[in-house]
Each structure stands twice: as structure tokens, then as C-alpha cells.
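Worksheet: the structure to be examined is printed underneath.
The values are calculated or read from the model by the stated rules, or taken from the named source; none is laboratory data. Computed from a predicted model, the values in this text were never measured in an experiment. So basically every Cβ, Gly included, is an ideal-geometry build from the backbone, and we count neighbours across all protein chains shown.
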Amino acid sequence: MTIKLFIQALTKFLVGLLLVGLLLFLPAGTFAYPHAWLFIGILFVPMFIAGIWLMCRQPELLRKRLSAKEEQSEQKRVVALSGLLFIAMFVVAGLNFRFGWLLLPDWTTYAAAGIFMLGYVLYAEVMRENVWLSRTVEVQENQQVIDTGLYGIVRHPMYSATLIIFLSIPLVLNSVWSFALMLLYIPIIVKRIRNEEEVLERDLAGYKEYKQRVRYRLIPFVW
């Protein structure tokens, strides 16, 4: 662990916390938005714990997750669209609470929070299984094909986990309209996966054979 990595991680954590808070509470017009506080808790508390674990046990993986920048223009567009989608989703959720457009029963929020945490657990397992996990589409030096665990079920379990997480967020925030917006994330992630597989098939030895062994990309028996 280095001081530089610690400062970088802590800065990004605090900036993310501040940004999410602004995007939720400003449109809501109040801090008395309980669903937002629930979401912030289930997002940032495990994130903080995972960050400490990575810093102590796998600092190189943490460094890659913090410093990654897309090099491919197509993936830059995908990342930009995803960012805009998240901003819109948070703002609409805050406005939905403020004006009471369409509120769901509380049990929906708690059920969605449970699904969110399940996605978090799956994401953590992916990080444990794949030391080459990266936020960018790339093939790293000495990278090998992982075909065990979750990677033996679908080829992109990280995206499976993020899909669970991202689709549950609007329901944690008690916003049907935000959920409708987040459905747009599905074609975005499909586009990213298609491009990523082109890169992996071209540059990663054994990936073509892996595709033949593991048929499904994202959801078992679906796609």
C-alpha cells in the first residue's frame, strides 16, 4: 500500500459520494429522502470495505480500477452514454420523490436492496476469480483465459453482476421512471460486450476456444 494510492482511492470515493448526494438530494429538494440514504449506505459502505481489502491484498488491481481510461473511441462513447444515463436516472429519481409522481410500496425498496447486495456479492466474486479484471477493454501482459467459477457459466460475469446492480438501483430509490430509463443500459452493455469480444478474440490466446466451451455471454440460457 502506498500513500499515493490511498489518497487517490479516498479522493475518488469522496468525490463519488458527494456527486451521488448532489444528484439525488438537489432534485428531491430535501435531505429527508430515506430511499436515497438507503442507497448511499448499501453502495458506499461495501465500496469502502472492498477498497480497504483491495488496498491491503491486491493493490495492483485497485490501481487498475482507479486509473483505467478507455483507449478505443467506441468504448469511450459507451462510457459517456452510461454516465449520462446514470445522471438522468438519479435526477429523475430525486424529482420523482419530490413531486410524488409514482411511488412504490416500501417492501419493493427493501427487496431491491437485497437484489443490489446480491449483485455486489457476485461482483466481489468476479474480482476474486479474475486478477486481470479491468474497467477498460484491453488485453494485459501475461493475461490468461479464466474459465472456472462464474466464468464457467457466462463469459462476462462482471457485466452480469453490474446489470443486476444497475437495474436494482432505481427500485431502491423508489422510482419506476428511473427504472424505465435504466433499461436503456441493456443495449449499451450489449454493444460493449460485442466490441470487447472482438478484442479478446483477436488478442487473447485461447479465447476462441473458450467461447465454444461457454456459450452464454451475459445471462444463462438467454444470451
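Report every pair of residues separated by at least 6 positions or lying on different chains whose Cβ atoms are under 6 Å apart, first residue within region 112-138 and modelled with pLDDT under 80, second among the basic types (K, R) and buried (at least 16 other Cβ atoms within 10 Å of the Cβ).
Cβ pairs passing all conditions: S134/K64; R135/R65.
Checking the condition farther than 23 Å from H35 by Cβ, of a type in the set (V, I, T) and modelled with pLDDT of 90 or more, which residue from V154, V172, V176 passes?
Numbers: V172 fails: farther than 23 Å from H35 by Cβ; V176 fails: farther than 23 Å from H35 by Cβ.
Among V154, V172, V176, only V154 is farther than 23 Å from H35 by Cβ, of a type in the set (V, I, T) and modelled with pLDDT of 90 or more.
Being assigned to a loop (DSSP other than H, G, I, E, B) and either surrounded by fewer than 18 Cβ atoms within 10 Å (Cβ to Cβ) or without any contact (Cβ under 8 Å) to a residue 60 or more places away in the chain (or both) is the requirement here; does I219 meet it? Give the steps one after another, and end with the answer.
Details: assigned to a loop (DSSP other than H, G, I, E, B): yes; either surrounded by fewer than 18 Cβ atoms within 10 Å (Cβ to Cβ) or without any contact (Cβ under 8 Å) to a residue 60 or more places away in the chain (or both): yes.
The answer is yes for I219.
When only residues in region 150-170 that are among the aliphatic types (A, V, I, L, M) and touching a residue at least 40 places away in the same chain (Cβ under 8 Å) count, which is surrounded by the most Cβ atoms within 10 Å (Cβ to Cβ)? Spell out the reasoning first.
Step one: of region 150-170, the residues among the aliphatic types (A, V, I, L, M) are 150, 153-154, 158, 161, 163-165, 167, 169.
Next, from what is left, pick out any that are touching a residue at least 40 places away in the same chain (Cβ under 8 Å): 153-154, 161, 163-165, 169.
On the way: I153: 13, V154: 19, A161: 21, L163: 18, I164: 18, I165: 19, I169: 24.
Going through the qualifying residues, I end up with I169.
Go through region 172-196 and count every residue that is surrounded by fewer than 18 Cβ atoms within 10 Å (Cβ to Cβ) and either of a type in the set (D, E, K, R) or part of a loop (DSSP other than H, G, I, E, B) (or both).
Within region 172-196, residues that are surrounded by fewer than 18 Cβ atoms within 10 Å (Cβ to Cβ) and either of a type in the set (D, E, K, R) or part of a loop (DSSP other than H, G, I, E, B) (or both) number 4.
Among the residues of region 198-223, count how many are under 24 Å from the mean Cα position of the chain (by Cα) and over 19 Å from G149 (Cβ atoms).
5
Taking L38 as meeting all but one of (1) modelled with pLDDT of 95 or more; (2) over 16 Å from the mean Cα position of the chain (by Cα); (3) more than 24 Å from E125 (Cβ to Cβ), write down the number of the exception.
With respect to (1) modelled with pLDDT of 95 or more; (2) over 16 Å from the mean Cα position of the chain (by Cα); (3) more than 24 Å from E125 (Cβ to Cβ), L38 is out only on (3).
Pairs, please: C-beta under 6 Å, at least 6 apart or cross-chain, first residue of a type in the set (S, T, N, Q) and in region 74-99, second at pLDDT below 85 and surrounded by 16 or more Cβ atoms within 10 Å (Cβ to Cβ)?
Q75/V137
Inside region 2-42, can you point out the residues that are at negative phi, assigned to a loop (DSSP other than H, G, I, E, B) and not hydroxyl-bearing (S, T, Y)?
Within region 2-42, the first condition is being at negative phi, and the residues that meet it are 2-28, 30-42.
In the following step, the residues that additionally are assigned to a loop (DSSP other than H, G, I, E, B) were identified as 2, 30-33.
Scanning region 2-42 gives F31, A32.
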